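Here is the structure we will look at, set down as structure tokens.
The values are calculated or read from the model by the stated rules, or taken from the named source; none is laboratory data. Remember, predicted model here, so these are calculated numbers, not experimental data. Backbone-built Cβ (ideal geometry, glycine too); neighbour counts: all protein chains shown. When the accessible area is computed, the model is the full protein with side chains, heavy atoms only, and any ligands, DNA or RNA have been set aside. Shrake-Rupley method; radii C 1.70, N 1.55, O 1.52, S 1.80 Å.
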Amino acid sequence: MDRPGRIMTEAAQAYSFSRRAFVLGTAQAGVGLLLAGRMAWLSIAQNEKYNLLSESNRVNTTMIPPRRGWLIDRHGVPIANNRTDFRVDIIPDRLDDADKERVLNLLRQILKLDDEAMNRIRLDLEHAAGFQPVQVAERLDWDRFAAVSVRLPELPGVQPTRGFARFYPAGPAVAHLTGYVGTPTAEQFKATHDQLLVTPGFKLGKDGLEKMLEPYLRGKPGAKRVEVTARGKVVAELATRPDVPGRNIRLTIDAGLQEYAARRLGINSGSAVVLDCRTGETLAMVSMPAYDPNSFSDGISHLEWAMLSENDHVPLMNKVTQGLYPPGSTVKPMNGLALLEAGVGANDRVLCTGAMRVGTGVFHCHKRGGHGALNLKGAIEQSCDIYFYEMIRRMGYDRIAPIARMVGLGQKFDLPLSTQRYGTVPDAAWKLKKYKTKWTVADGLNASIGQGYVLANPLQLAVMAARLASGRHLAPSMLSHQVHLDAPALPVASEHLAIVRDAMFGVVNQGGTGGAARMLVPGVSLAAKTGTAQVRRITMAERRMGVLKNGQLPFKLRDHALLVCFAPADNPRYAAAVVLEHNGHTVRNLDAPLIGRDIMTYLFDRDRALASLAEGEQSWGGDINTRMRAEEAAYRAAHTPQPAAAATKTDAGAATDAPAVEAATNVSDAQAEAMATRETDPEDAGDPNP
């Protein structure tokens, strides 16, 4: 029998309908809220994003490289500035292979490019990353730039740009100070994905101050905006967003002195540093020979890079901070100060007979017949080795090392330079740690004349001269807003400093070894200490046969020539150091004493200094640029390069990081190691200071 069906009442039906309607309504409301939320998110939170996407479909934006901030000297004279540059580049990604030859031939016709330039462009296109612009030509005149601009529809991938190029008015004279700018590398772009790095015409600091001050000098890019159709046809030019130039940086450098010092170094491989004795400001920092930073900023040819790399004077190296040298006799005033502080009397005498026996060995003075009995002042004036051998044998070199560090040797300075090498101030603890052997008497005697393990760079020697002159713990500075004006006094007796300064006055003005450095400016006298640093071992056999003169030796085996000085001697205002690699005192007007004298003369009597320079410069083959052009012409003639090899440009990284620089520092380090760690044979330890 069938069971009766459930009877649906009107109330039940109403309840069922209401429940279903509620569920459906809730779902609809939820979907509506989601849609409303999404619309709000898109229209409010994502408004800027989609506006930009929409704008990018309608507006074509091209970045404008920012104008780079200037580097100016202490008087406002530009050391690195900008000049208007019309250039043409090719963006490889935008140039089809089918159009390549047609475009290149048309550019050749418009810009009147020669075979060498065309070979370079083709080779650069083959090796460039797709997004990296390839330079066609720069520094164009207006007519050629305009001719390319009006024919752009026929030149896919070609991008003419009106911008600014870096310019260094003093050229090679400031190369190692400023460094240079160059095109960013593919690796730099991949690391940051900053579109500015692939904008044609943009360059960043590659070396020197340009690299270290990049965040301040760069500025912010502008943008050129044009309205286009979907097919890319220009409809209208829109408002251009101007670039924000980088900051101008004022240096403590004196541009005139910098250029003069570079020229006065002549054909030497060497460096010069000048400091203000009142503030520690760096007035000049020169390393020669050098390269032309204007050429490097444009991208130099492989031929020019090879020429610079093969030069035995190592023009790619900043010798001021990367060069390490035995300071030779220039440390004798500092040694004298240490001896006075250790209790040696200023009038205590040592008899110099020309040689001194220590154990089974003999240490020689540079004067074969000896100087006789000398006190401290006489020993510094005559650069007597025996005096310092004997006094430091008695006292121990560990009494000298702390004073050496106090006056700046072995010290790192807070400067915007990335290439500082700090040298060595040795003592017993240092040797035990490095060589696992004890300090010997011979070690102390070698160190006493600035040989053996002692190494310093020219900047440290200039700081040493400035601290001895001022009696204060001066810190060198290069940026005008970072000058240290509150240098404390050195923790030494003022009367001891006076004795040392008087001895340095006597070196030049009272019959000492530096008489050639005597200044001719009325009322101004120079205090100095000359030095000679050996780079080779002089054997007993050579001493018996007669020690070879520097002029008889190959360049790399000649002695270094050094000078530290300050002036005026009675009220020091300026201090300087001059270091000449393998100079050997072979040419009088190219030797350290006369170079130091003339650089100091420039600060007190510019006309007299320029006259002295003019007298010598013609005998050296002309000024810096004239000599560099002659060297390049001779190198090209000797190597007969293929046009493509000569033209292809390279951006091989920082000059101071070049393999040639690394090789040169390795050789120098090996020479120093060999001189310092040779088996005990002190017969060859004499200082041949003239």
Practice prompt. Being more than 19 Å from residue 341 (Cβ to Cβ), crowded, with 24+ Cβ neighbours inside 10 Å and not hydrophobic (A, V, I, L, M, F, W, C) is the filter here, so list the residues in the stretch 453-498 that pass it.
Written response: 453, 457, 458, 460, 476
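Residues to consider are 39, 1, 8; find the one that is surrounded by 10 or more Cβ atoms within 10 Å (Cβ to Cβ) and either in contact with a strand residue (DSSP E or B) (Cβ under 6 Å, 6 or more places away or on another chain) or modelled with pLDDT under 85 (or both).
On the way: 1 fails: surrounded by 10 or more Cβ atoms within 10 Å (Cβ to Cβ); 8 fails: surrounded by 10 or more Cβ atoms within 10 Å (Cβ to Cβ).
Within the list 39, 1, 8, the selection yields 39.
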Worksheet item: So which residues in the stretch 332-345 are among the hydrophobic types (A, V, I, L, M, F, W, C) and surrounded by fewer than 24 Cβ atoms within 10 Å (Cβ to Cβ), if there are any at all?
Response: 340, 342, 344
Discussion item. Can you tell me which condition residue 586 does not meet? The list is (1) within 26 Å of the chain's Cα centre (by Cα); (2) modelled with pLDDT under 95, and all the others hold.
Written reply: (1)
Fill in: Among (1) of a type outside the set (D, E, K, R); (2) open to solvent by less than 20 Å² (accessible area, probe 1.4 Å); (3) touching a strand residue (DSSP E or B) at 6+ places or on another chain (Cβ under 7 Å) - the single one residue 155 does not satisfy
(3)
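Residue under question is residue 346, and the condition is that it be out of contact with any Gly (no Cβ under 8 Å at 6 or more places or on another chain) and in contact (Cβ under 8 Å) with a residue 24 or more places away in the chain; does it hold?
Numbers: out of contact with any Gly (no Cβ under 8 Å at 6 or more places or on another chain): yes; in contact (Cβ under 8 Å) with a residue 24 or more places away in the chain: yes.
In short, yes.
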Worksheet item: Does residue 573 count as surrounded by fewer than 22 Cβ atoms within 10 Å (Cβ to Cβ), in contact with a strand residue (DSSP E or B) (Cβ under 8 Å, 6 or more places away or on another chain) and not aliphatic (A, V, I, L, M)?
Response: yes
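Looking for whichever is part of a strand (DSSP E or B), in contact (Cβ under 8 Å) with a residue 12 or more places away in the chain and open to solvent by less than 10 Å² (accessible area, probe 1.4 Å) here; the options are 297, 329, 287. Which one fits? Working first, answer last.
Numbers: 297 fails: part of a strand (DSSP E or B); 329 fails: part of a strand (DSSP E or B).
Criteria check complete, one pass: 287.
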Worksheet item: Within the stretch 60-78, can you find the residues that are of a type in the set (A, V, I, L, M) and either in a loop (DSSP other than H, G, I, E, B) or modelled with pLDDT of 90 or more (or both)?
Response: 71, 72, 77
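Kindly establish whether residue 150 is open to solvent by less than 40 Å² (accessible area, probe 1.4 Å) and either more than 35 Å from the chain's Cα centre (by Cα) or among the hydrophobic types (A, V, I, L, M, F, W, C) (or both). Steps first, answer last, please.
On the way: open to solvent by less than 40 Å² (accessible area, probe 1.4 Å): no; either more than 35 Å from the chain's Cα centre (by Cα) or among the hydrophobic types (A, V, I, L, M, F, W, C) (or both): yes.
Judged against the criteria, residue 150 is not a match.
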Practice prompt. Name, by its number, the condition in (1) on the phi > 0 side of the Ramachandran plot; (2) open to solvent by 50 Å² or more (accessible area, probe 1.4 Å) that does not hold for residue 348.
Written response: (1)
Worksheet item: What are the residues in the stretch 113-127 that are farther than 14 Å from residue 97 by Cα and either touching a Phe, Trp or Tyr at 6+ places or on another chain (Cβ under 8 Å) or among the charged types (D, E, K, R) (or both), if any?
Response: 114, 115, 116, 120, 124
Discussion item. Can you confirm whether residue 655 is modelled with pLDDT of 85 or more, in contact with a Phe, Trp or Tyr (Cβ under 8 Å, 6 or more places away or on another chain) and surrounded by 15 or more Cβ atoms within 10 Å (Cβ to Cβ)?
Written reply: yes
Fill in: Residue under evaluation residue 220, criteria (1) open to solvent by 20 Å² or more (accessible area, probe 1.4 Å); (2) at pLDDT 95 or above; (3) of a type outside the set (Val, Ile, Thr), criterion not met
(2)
Discussion item. Conditions first: (1) among the aliphatic types (A, V, I, L, M); (2) open to solvent by 50 Å² or more (accessible area, probe 1.4 Å); (3) assigned to a strand (DSSP E or B). Residue 356 passes all but one, so which condition is the exception?
Written reply: (2)
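One line per residue, one yes/no per condition, for (1) more than 25 Å from residue 577 (Cβ to Cβ); (2) out of contact with any Ser or Thr (no Cβ under 7 Å at 6 or more places or on another chain):
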site: 346; (1), (2): yes, yes
site: 356; (1), (2): yes, yes
site: 375; (1), (2): yes, yes
site: 378; (1), (2): no, yes
site: 385; (1), (2): no, yes
site: 392; (1), (2): no, no
Practice prompt. May I ask you to list the residues in the stretch 473-495 that are of a type in the set (A, V, I, L, M, F, W, C) and either closer than 21 Å to residue 417 by Cα or in contact (Cβ under 8 Å) with a residue 24 or more places away in the chain (or both)?
Written response: 474, 475, 478, 479, 483, 485, 487, 490, 492, 493
Fill in: Pair list, Cβ under 6 Å, 6 or more apart: the stretch 258-272 residue among the acidic types (Asp, Glu), other residue open to solvent by 10 Å² or more (accessible area, probe 1.4 Å)
259/170
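Determine if the stretch 562-570 includes at least one residue that is farther than 23 Å from residue 374 by Cα, open to solvent by 30 Å² or more (accessible area, probe 1.4 Å) and of a type in the set (A, V, I, L, M, F, W, C).
To start, the set of residues in the stretch 562-570 that are farther than 23 Å from residue 374 by Cα comprises 562, 566-568, 570.
Next, only the ones that are open to solvent by 30 Å² or more (accessible area, probe 1.4 Å) stay: 570.
From the residues that got through so far, the ones that are of a type in the set (A, V, I, L, M, F, W, C) too are none.
Scanning the stretch 562-570 turns up no residue that is farther than 23 Å from residue 374 by Cα, open to solvent by 30 Å² or more (accessible area, probe 1.4 Å) and of a type in the set (A, V, I, L, M, F, W, C).
Would you be able to tell me the number of residues in the stretch 190-205 that are open to solvent by 20 Å² or more (accessible area, probe 1.4 Å) and either part of a helix (DSSP H, G or I) or under 19 Å from residue 81 (Cα atoms) (or both)?
In the first step, residues of the stretch 190-205 are kept if they are open to solvent by 20 Å² or more (accessible area, probe 1.4 Å); the result is 190-195, 198, 201, 203.
Remaining after also requiring either part of a helix (DSSP H, G or I) or under 19 Å from residue 81 (Cα atoms) (or both): 190-192, 195, 198, 201, 203.
Residues that pass the stated criteria total 7.
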Practice prompt. Select from the stretch 359-380 the residues that are in contact with an Asp or Glu (Cβ under 8 Å, 6 or more places away or on another chain) and assigned to a loop (DSSP other than H, G, I, E, B) and write down the one among them that is nearest to residue 448 (Cα to Cα).
Written response: 365
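Taking residue 308 as the residue in question, decide whether it is crowded, with 19+ Cβ neighbours inside 10 Å, of a type in the set (A, V, I, L, M, F, W, C), at negative phi and at pLDDT 95 or above.
Details: crowded, with 19+ Cβ neighbours inside 10 Å: yes; of a type in the set (A, V, I, L, M, F, W, C): yes; at negative phi: yes; at pLDDT 95 or above: no.
Criteria not met by residue 308.
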